[in-house]
Amino acid sequence: MKRILLGPPLVSAELRNEKLSKPVALGVLAPDCISSSAYGTEQMLTQLIPAVGVAGFALVMPVTGVILALLLLLTLCYRDVVTTYTRTGGSYVVARENFGPRVAQVSAVALLIDYIVTVAVQTAAGTDAVASLLHVLWQVNIDHEKLWITAGVVCLLCYGNLRGIREAGRAFSLPTYLFVGATGLTVLTGMLRLAAGNLPRLSEADLHAPGAIDTGHPGGGLLMGASLLVLMRAFANGGSSLTGLEAVSNGVSAFRSPQGRNARRTLVVMSTLLGVLVLGVSTLAWQTHTVPFTSGSPTVLAQEAHLVFGQSAFGTAMFVIVQVATALILYTGGNTSFNGFPFLASFVAEDAFLPRQLTVRGHRLAFSNGIVVLTAASLALLVVTGGNLTKLVALYAIGVFTGFVMAAAGLVKHHWTRRERHRRTKIAVNAAAALASAAVVVVFAVSKFTEGAWMVVVVFPVGVWALIRTNHRYRTEADALEAAPASATATFRHRGVVHVLVDRLDLAVVNALHHGQSLRPDELHAVHFVIDEQHAEQLRRQWAANRAADVPLELVECPDRRLHHAVAALAARATADGHTDVTLLIPRRTYGPVSGRLLHARAGDRLAQAVDRLPHVAATLVPFDVRRALREAAAQAPGAHPGGAPPVGPGSVLPRKAAADRPAPVVPGGGGASIR
């Protein structure tokens, strides 16, 4: 099934072929960042317009200016990150190397939360773009279907990434260039029309169209109804434009060599494109008065494209291209998390702060477990929020800006302890980036607390605590295992007793008896725990008729049907003399992978777990492949023994152990379950 769905497996030697070139890396890692320009300005307006009316269109420019200044600081900071630290992990690596592994978990939780929210935000915004296209052109409303569309896209992204990094990169890099070209042309055409004085603007009636956000204070002055909290909320929402900036640093190891230089150049190109597009979209919103809608569609960018290109055939075609490109990059923007989250999770798991299963590469060399975890978490978040973009943005920036703080602060310490060129400049830039990012975290937590940010504020410390506890558990277990060699020279027991657990007489039990004989124990027992009296009596007669390798069958009463307790009690009694080691042989019949799970219980595994804490007791599962026996039986002529094995039934004789090598069977006595 994996071969059909995911393609042939890749060997580890092919991992170097999965590395990304700079153009593909920009397409794979930049969509989250660049696509933020499609909704960043709109999210600012959702806070400004209701408070100050049409004056909010003018206020969006200074807020955009502050965000672009922060973009410059963070670009310089992360350029330093990918130059200094070329391993996957970004701010997590910086924090771990400079502040220690425990403090680094703050950055780990921040980034993991951000990646999960990014998938939800990007795909929800992409569905809004699709809804805008259908609403403007054909007046079709798909508000009730948006959640299901978004969930389907998340599953599609999961599938693409399970096929492998390179194939996902090739498929997901093209929308980035299509969006940059289409939106860039929209901005350029709008600026030319603005310079020519013929750029359209929405009328007063359009500002109050059904579903549009309430303008609140039409025509008011810039400060009418405004407050510091409103500006803080607008800045916090607009800060979502900078999310995804850390993706390059978290995916450095996915680049071709030289990784540091290629990542640095890709980062600069990505930040430049983001800055130009955010400034252009905000300027057009200021001049055209495009107003957000409560449902999320039509979007501000969709309205701008419609106004800039007009309603001619060419204008309609360009509008469709812009919307399709926007939807594609927003959808594939979620793919940035599918590249970053598994790498980061594997890195944190290597440090023993997350389950080790996240370090395993799958069928196609991708970190499949991390991809599946990210998919499940993002789908759960979409269901909880109903796929509403405004609700999701409220959860967005705290995680990523906390990561910015940790990266910048770590670089300050890194450069402070080293004598190098431009040391003071690097310290100043990174210190400014750390302070500015910390201010954004505080602003976001305060201004968005009642809108959903409280969930992140609550989950954050719990997540850090969980990671630290996971590491403590791993370290405790490692210490216990490392101490094992010192106790391995403890008292050696001279007697070996083997118990073969029998539920029925068949080839699987015969195989287990043969294995028990090969161990050459001092005593070999065949034990059946009586839960069903009729079945036990039938088994006893069948066993006697077959003479079962001269190993008598012992029937142990289990009136309370607590089989696990009865097995543990039997093993404990056998080792009570202080001189005996006990081995339990449990026949395990293996069937087809699907039918075996549906039709057959795997009781052997649970029986083995029942004695795993008893000293001087070992449980061994003795496998028997039923499918192979069926194939061999089908290949034999009628009447032949399957696979050359002897028949098991009344009157048949099982292979015997030589009398000289076989000790006399011993039936243990004592309390507990009775033996007959």
Given the condition over 19 Å from PHE341 (Cβ atoms), open to solvent by 10 Å² or more (accessible area, probe 1.4 Å) and among the polar types (S, T, N, Q), answer yes or no: does some residue in segment 272-280 qualify?
yes
Identity of the residue in segment 212-234, at pLDDT 80 or above and open to solvent by less than 50 Å² (accessible area, probe 1.4 Å), that ends up nearest to PRO298 (Cα to Cα)
ALA212
Counting only residues in segment 596-636 that are buried (at least 17 other Cβ atoms within 10 Å of the Cβ) and of a type in the set (Gly, Ala, Ser), the one modelled with the highest pLDDT is identified as ALA619
Residue check: is GLY639 assigned to a loop (DSSP other than H, G, I, E, B), modelled with pLDDT of 70 or more and surrounded by fewer than 14 Cβ atoms within 10 Å (Cβ to Cβ)?
no
Looking at GLY260, GLY315, can you tell me which residue is open to solvent by less than 20 Å² (accessible area, probe 1.4 Å), assigned to a helix (DSSP H, G or I), small (Gly, Ala, Ser) and without any contact (Cβ under 8 Å) to a residue 24 or more places away in the chain?
GLY315
What is the number of the single condition among (1) crowded, with 21+ Cβ neighbours inside 10 Å; (2) at pLDDT below 90 that HIS144 does not meet?
(1)
Here is a list: LEU392, LEU381. Which entry is in contact with a Leu (Cβ under 8 Å, 6 or more places away or on another chain) and within 19 Å of GLU246 (Cβ to Cβ)?
LEU392
Out of (1) in a helix (DSSP H, G or I); (2) among the hydroxyl-bearing types (Ser, Thr, Tyr); (3) more than 27 Å from LEU174 (Cα to Cα), what's the single condition that is false for THR290?
(1)
From the list VAL442, VAL458, VAL462, VAL446, which one is at pLDDT below 90, open to solvent by 70 Å² or more (accessible area, probe 1.4 Å), more than 23 Å from VAL230 (Cβ to Cβ) and assigned to a helix (DSSP H, G or I)?
VAL458
Tell me the residue from HIS514, HIS565, HIS535 that is closer than 24 Å to ARG628 by Cα, in a helix (DSSP H, G or I) and not acidic (Asp, Glu), please.
HIS514
In segment 534-552, which residues are within 51 Å of the chain's Cα centre (by Cα) and surrounded by 15 or more Cβ atoms within 10 Å (Cβ to Cβ)?
ALA536, LEU539
Yes/no for THR83 being more than 26 Å from the chain's Cα centre (by Cα), among the β-branched types (Val, Ile, Thr) and at negative phi
yes
Could you give every pair whose Cβ atoms fall below 6 Å, whose first residue belongs to segment 1-30 and is under 15 Å from ALA254 (Cα atoms) and of a type in the set (Gly, Ala, Ser), and whose second residue is modelled with pLDDT of 80 or more and open to solvent by 60 Å² or more (accessible area, probe 1.4 Å), counting only separations of at least 6 or pairs across chains?
SER21/ARG256
THR332 vs (1) closer than 30 Å to GLY100 by Cβ; (2) at pLDDT below 90: all pass except (1)
Selection status of ALA205, open to solvent by less than 80 Å² (accessible area, probe 1.4 Å), at pLDDT below 80 and either aliphatic (A, V, I, L, M) or assigned to a helix (DSSP H, G or I) (or both)
yes
So which of VAL82, VAL121, VAL130 is touching a residue at least 60 places away in the same chain (Cβ under 8 Å) and open to solvent by 10 Å² or more (accessible area, probe 1.4 Å)?
VAL130
Please go through segment 420-439 and give me each residue that is open to solvent by 10 Å² or more (accessible area, probe 1.4 Å) and among the hydrophobic types (A, V, I, L, M, F, W, C), ordered by number.
ILE427, ALA428, VAL429, ALA431, ALA432, ALA434, LEU435, ALA436, ALA438, ALA439
Could you please give the count of residues in segment 322-373 that are basic (Lys, Arg) and either in a helix (DSSP H, G or I) or buried (at least 24 other Cβ atoms within 10 Å of the Cβ) (or both)?
1
Do the conditions hold for ALA569, that is, is it modelled with pLDDT of 90 or more, out of contact with any Leu (no Cβ under 9 Å at 6 or more places or on another chain) and not hydroxyl-bearing (Ser, Thr, Tyr)?
yes
Number of positions in segment 389-419 that are touching a helix residue (DSSP H, G or I) at 6+ places or on another chain (Cβ under 8 Å) and open to solvent by 50 Å² or more (accessible area, probe 1.4 Å)
4
Residue by residue through segment 374-388, note down the ones that are open to solvent by less than 50 Å² (accessible area, probe 1.4 Å) and under 12 Å from the mean Cα position of the chain (by Cα).
LEU374, THR375, ALA377, SER378, LEU379
Just to be sure before I move on: is SER253 open to solvent by 10 Å² or more (accessible area, probe 1.4 Å) and not in a helix (DSSP H, G or I) in the structure I sent?
no
Report whether or not PHE309 is on the phi < 0 side of the Ramachandran plot, open to solvent by 10 Å² or more (accessible area, probe 1.4 Å) and aromatic (Phe, Trp, Tyr).
yes
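The values are calculated or read from the model by the stated rules, or taken from the named source; none is laboratory data. Please read these numbers as outputs of a predicted model, since none were measured by experiment. Note that each Cβ is placed from the backbone with ideal geometry, even for glycine, and that neighbours are counted across all protein chains shown. Ligands, DNA and RNA are excluded from the accessible area calculation, which covers all protein heavy atoms including side chains. Shrake-Rupley method; radii C 1.70, N 1.55, O 1.52, S 1.80 Å.
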